[in-house]
1. With +1 on each Lys and Arg Cβ and -1 on each Asp and Glu Cβ, and nothing else charged, work out how big the dipole of the range A:66-203 is about its Cα centre, in Debye to the nearest 20.
2. Just counting partner chain Cβ atoms within 10 Å, what average do the residues of peptide A:198-209 show around their Cβ?
3. Before rounding to the nearest 500, sum -39500 (n - 2.57) across all DSSP H runs of length at least 4 in chain B and divide by the residue total; then give [θ] at 222 nm in deg cm²/dmol.
4. Between B:A180 and A:Q173, what is the label-to-label distance in nm when each label sits 7 Å out along the Cα-to-Cβ direction?
5. Can you give the charge dipole size of the range A:18-108 about its Cα centre, rounded to the nearest 20 debye, using +1 on the beta carbon of Lys and Arg and -1 on the beta carbon of Asp and Glu?
6. In peptide B:138-150, how many Cβ atoms from other protein chains are near each Cβ within 10 Å, on average?
7. Only sites in a loop by DSSP and with at most 16 other Cβ atoms within 10 Å count here; which GluC sites (Glu not before Pro) in the range A:103-184 make the cut?
8. If packing is taken as the average number of other Cβ atoms within 10 Å across a peptide's residues, how do A:112-120, B:133-141, B:175-183 rank, most packed first?
Number of protein chains: 2
Amino acid sequence: MSKHDATPEANGAAGEPRLSRASVQRFSLYLRHLERWKKEGLEVVSSSQLGDALGINDAQVRKDLAYLGNLGQPGIGYYTQELISALRYRLGVDHTWNAVLVGVGNLARALLRYGGFAQQGFRFVGLFDADPQKVGQKIDGLQIHSPEKLAAVIAAERVDLAVVAVPAAEAQQVADALVAAGIKGILNFAPTLLRVPTHVSLIAVDLAVQLEQLAFLVHLAQQESTDAR
Amino acid sequence: MSKHDATPEANGAAGEPRLSRASVQRFSLYLRHLERWKKEGLEVVSSSQLGDALGINDAQVRKDLAYLGNLGQPGIGYYTQELISALRYRLGVDHTWNAVLVGVGNLARALLRYGGFAQQGFRFVGLFDADPQKVGQKIDGLQIHSPEKLAAVIAAERVDLAVVAVPAAEAQQVADALVAAGIKGILNFAPTLLRVPTHVSLIAVDLAVQLEQLAFLVHLAQQESTDAR
DNA sequence: GGATGTGAACGACTTCACAGCG
DNA sequence: CGCTGTGAAGTCGTTCACATCC
């Protein structure tokens, strides 16, 4: 999913260890565990503890963390606080990100009320919906605007991120409007592949596919257990 | 995410092409596009059409589809209807799947009302929540039960799949109860790694991580454009 | 000609294994 | 000793390239 850009071979200086797409996927997870452990008073963690928590190999953890610099203490582990700070810095969550949410259905409501976001430094500053019935309403203190106001709000509030939760048929056109308004990243929940310029980052989450996926895995497992006899 | 089992090396007969985890990820997407095209009257599709639609290489598409048998017609392409049927069969969505939903918050509501599921052959037959305030209420005609009834409902309604949308702290315990009740697959939205036996399939979707991910990509892109000068 | 199916090359990610340091 | 950092090996997934067939 999400065929990105990531600068084809614009690695000017060449060399730099390289940061794999897969590692990026794990940084947020490391951070979450570390923050919990820190709260529980753990001052030092080892790569194998982190590995266990994520269900991966300890060498993998060390490779990932090496990207942050040489923070590990041989014979000891990593200092929790130091790791957290380094991760926050690298992840870019050491400051607040403003985001807009386009398409105010149940999913949008769920996302808004899902505490996790605010806690991790994300702030929704604008809601948008094309349905005239919804425009003007308020949810959790946030007013729903007409999509025409997208550009204005994005500029005024210095918004970098957008969440797209509209029907598939409208998604591309919403994305185009967001891109035109200067958005830097889009989290897409619409079940369709969005085409965006390479300078805009894209993450796609397709809920229907996930459940189908699960059904498939179960189906496979059943077939296998049938085959096996 | 989602470290699975998938039978370590139980490939008894050995040989079979092998079905990569990654291919599985794409089958649902193929099916979605095919169904749309079929509705639009398209009788034949080529691997490159499908590849464009998903943003991947055409050889990849052929490799994936080869798993369904030799359906392709050299010089022609694939017959839409035939592909759809084969995919439905292999995906296991040629029949309805019963599912339960544990944890009735906004996300659960969003999922319930998200038409995509019903349309693709998934039927929610039970809702569960530990909050006594919620037990007894109805949503979209479905009654919310106390978690104690899990086992009974799962058995009575022949439920194979469960969606877990409870807070992280309760998720493992819910999963354990589901497993004990004989569930075959779990779709987990709680931001934590669930441990389940190998005979239970697991798919995890972590929304907070996705947004953090996006922030990270944008952050990286900004750094790069800064470095570049 | 036009599209499939597939071995072989390639590239990305993971694991191993071990030197090195506190 | 224990745990990190990392080259080397291994595994998995993707792309290439081309023989093959309608």
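Values quoted throughout were computed directly from the atomic coordinates according to the rules given, and no laboratory measurement underlies them. Owing to the predicted nature of the structure, the values given are computational and were not obtained by experimental measurement. Note that we place each Cβ from the backbone using ideal geometry, even for glycine, and neighbour counts take in every protein chain shown.
1. Details: 11 positive and 10 negative charges, 31 e Å.
Once rounded to the nearest 20, the dipole reads 140 debye.
2. 6
3. Values: 9 runs with 101 residues, N = 229.
My calculation for chain B gives -13500 deg cm²/dmol from helical runs alone.
4. With each label placed 7 Å out from Cα toward Cβ, I get 5.2 nm.
5. Details: 11 positive and 8 negative charges, 57 e Å.
Dipole of the range A:18-108, to the nearest 20 debye: 280 debye.
6. On the way: counts 0, 0, 0, 0, 0, 0, 0, 0, 0, 0, 0, 0, 0.
Average per residue, whole number: 0.
7. Details: sites: A:E148, A:E157, A:E170; in loops: A:E157.
Sparse-neighbourhood loop GluC sites (Glu not before Pro): A:E157.
8. Numbers: A:112-120: 15.7, B:133-141: 11.7, B:175-183: 18.3.
Final packing ranking: B:175-183, A:112-120, B:133-141.
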